[in-house]
Amino acid sequence: MTRRLQIPDLGGATAVILHRPHPTVAALTRQLNAIGLQVECCWPELPVSARQADYLFLDVDTAHDDQFPWEIGRAPMPAIALVGSEAPGRIEWLMNFGADAQILKPVGTGGVYSALLIARATFDARAEMADSIESLRRRLGQRQTVVRAVTMLAARGKSEDAAYNQLRAMAMAWRVSFEEAAERIVADAAPHTQEPENGR
C-alpha cells in the first residue's frame, strides 16, 4: 500500500539562502516570511550552522562545490535550486548536487510554497529509500554470515540440516538472535582461520 503524503506545517521552520545580494533574495525572503519561515542569507559560503536549517535555497548560476560543508550530493536538508542559466555546465552541476526542487529566476510572487513541499517530499522519499537499501544490505550480509556459520558447523561432520539446527539451539541458549549467533561463530573462528605470519 502506497503511503499517502501529508503537507507539513512550515511555521517556524528555518531556511538558508545561499545567494549573492540581489533582488531575487529579497523576493524569496518575502515569500518565506509570509509562509512563516525564519530566513538566513549567506554569501559566499555556508556557515557550519547551516546544517541545522530545515531548507536550503542555492543559486545554481554561481554555486560551486567548495561552498558547502558537506559532500556534494549529500545535503542534510531539502535543497531548492534557483535556476537562471540553462547552460549545460550549470545543469550538469545541478544534477550532481541533487536538488530536491527548483525555482526558475527571476523569482516572482509565487512558487515558493509548492517548491518547499515538493523538496520535503522528495528529500524524505530519497532518505527512506537509502534506509531501505541499507537495511537490505545488512540483511544480505547477515544471510551470508549464517551460511558461513552453518558451513563451519557442518565441517565438523554434521549434515547441513543438523548444523542449521545446532545454530538455532546455540542462539536460544545464548538468548540472542539467529543472526547474532552466526556472527559469534564466524568471529570466534576468525583467529583460527588466519594464515600464520612469517611462515609459522
(request) Grab the other residues whose beta carbon is less than 10 angstrom from that of G98, score K and R as +1, D and E as -1, and report the net. (result) +1
(message) If you take every residue apart from L116 with its C-beta less than 11 Å away from the C-beta of L116, what net charge results, scoring Lys and Arg +1 and Asp and Glu -1?
(response) -1
(request) Note the angle between two axes, namely the Cα long axis of helix 88-97 and the longest principal axis of the Cα atoms of the chain, as a number of degrees from 0 to 90, rounded to the nearest 10. (result) 50 degrees
(request) Quick one: compute the contact order of the range 62-114, relative version, from alpha carbon pairs under 8 angstrom and 6+ residues apart, as a percent. (result) 38 percent
(request) Amide H neighbours of Q38 under 5 Å, at least 5 residues apart or on other chains, H built in the peptide plane: list them. (result) G12, A13, T14, A15
(message) I need the phi-derived Karplus couplings for the range 165-172: 6.51 cos²θ - 1.76 cosθ + 1.60, θ = phi - 60°, integer Hz, Gly and Pro marked x.
(response) 5, 5, 4, 5, 5, 5, 4, 5
(message) How tilted is helix 112-154 with respect to the longest principal axis of the chain? Cα atoms for both, answer in degrees (0 to 90, nearest 10).
(response) 10 degrees
(request) Could you work out how far helix 178-193 tilts from the main Cα principal axis of the chain, as a 0 to 90 degree angle to the nearest 10? (result) 70 degrees
(request) Throw me the Rg/Rh for the range 133-190, computed over C-alpha atoms with Kirkwood Rh, two decimals. (result) 0.99
(request) Scan around F57 for amide H atoms under 5 Å from its own, H built in the peptide plane at 1.01 Å from N, and keep only partners 5 or more places away or cross-chain. (result) V16, I17, L18, I80
(request) Could you let me know the centre-to-centre spacing of the range 94-126 and the range 146-164, using Cα atoms, in angstrom? (result) 53 Å
(request) Could you list which residues have their amide H under 5 Å from that of Q102, counting only those 5 or more apart in sequence or on another chain, with H placed in the peptide plane? (result) A81
(request) Provide, as a two-decimal number, the C-alpha radius of gyration of the chain over 2.2 N^0.38 Å, N being how many residues it has. (result) 1.58
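FYI, it's all coordinate maths here, none of it is from the lab. Everything numeric in this text was worked out from a predicted model, so none of it was measured. Heads up, the Cβs are rebuilt from the backbone with ideal geometry, glycines too, and the neighbour counts pull from every protein chain shown.
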